[in-house]
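One structure is given here, and the rest of the page talks about it.
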Amino acid sequence: MKYLRYKRSDLGLLYVEMVQRVGLIESLNLKKDKLHSFISEVIDTYQLVPYHNFTHAFNIAHQLYIMLRKT
């Protein structure tokens, strides 16, 4: 679980990269900078609790990303 070593801001950048790699930026006509701003806002509003936090959310998104890439 290497993602636990990353800062939340770095996970936000990785999240945007995952969205781009599965083609959602192009297919939904998203602006990458606006998506990054949105993710930054999500990170800032997540509670700093032991489990249900942004790191946990990133983990779930990353698992879905892996499933999408492998199927």
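So the values come out like this:
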| quantity | calculated |
| --- | --- |
| Mean residue ellipticity (222 nm) of the chain, computed from DSSP H runs ≥ 4 via -39,500 (n - 2.57), nearest 500 | -21500 deg cm²/dmol |
| Student exercise, the chain dipole from Lys, Arg, Asp, Glu Cβ charges, in Debye to nearest 20 | 260 |
| Reduced Cα scattering model of the chain, Debye log10 I(q)/I(0), q = 0.14, 0.19, 0.21 Å⁻¹ | -0.43, -0.78, -0.94 |
| Sparse-neighbour loop sites [chymotrypsin sites (Phe, Trp or Tyr not before Pro); segment 2-35; at most 10 other C-beta within 10 Å; DSSP] | none |
| Inter-site label distance for residue 64 and residue 13 at 7 Å from Cα along Cβ, in nm | 2.3 |
| Percent carbon-and-sulfur accessible area, the chain, ignoring ligands, DNA and RNA, probe 1.4 Å | 58 |
| Residues of the chain: accessible area per residue with a 1.4 Å probe, Å² | 78 |
| Nearest-ten-degree value, helix 54-70 long axis tilted from longest Cα axis of the chain | 30 |
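The values are calculated or read from the model by the stated rules, or taken from the named source; none is laboratory data. These numbers were taken from a predicted model, which means no experiment stands behind them. Ideal geometry is used to build each Cβ from the backbone, glycine not excepted, and the neighbour counts take in all protein chains shown. What goes into the accessible areas is simple: the full protein's heavy atoms, side chains included, and nothing from ligands, DNA or RNA. Shrake-Rupley method; radii C 1.70, N 1.55, O 1.52, S 1.80 Å.
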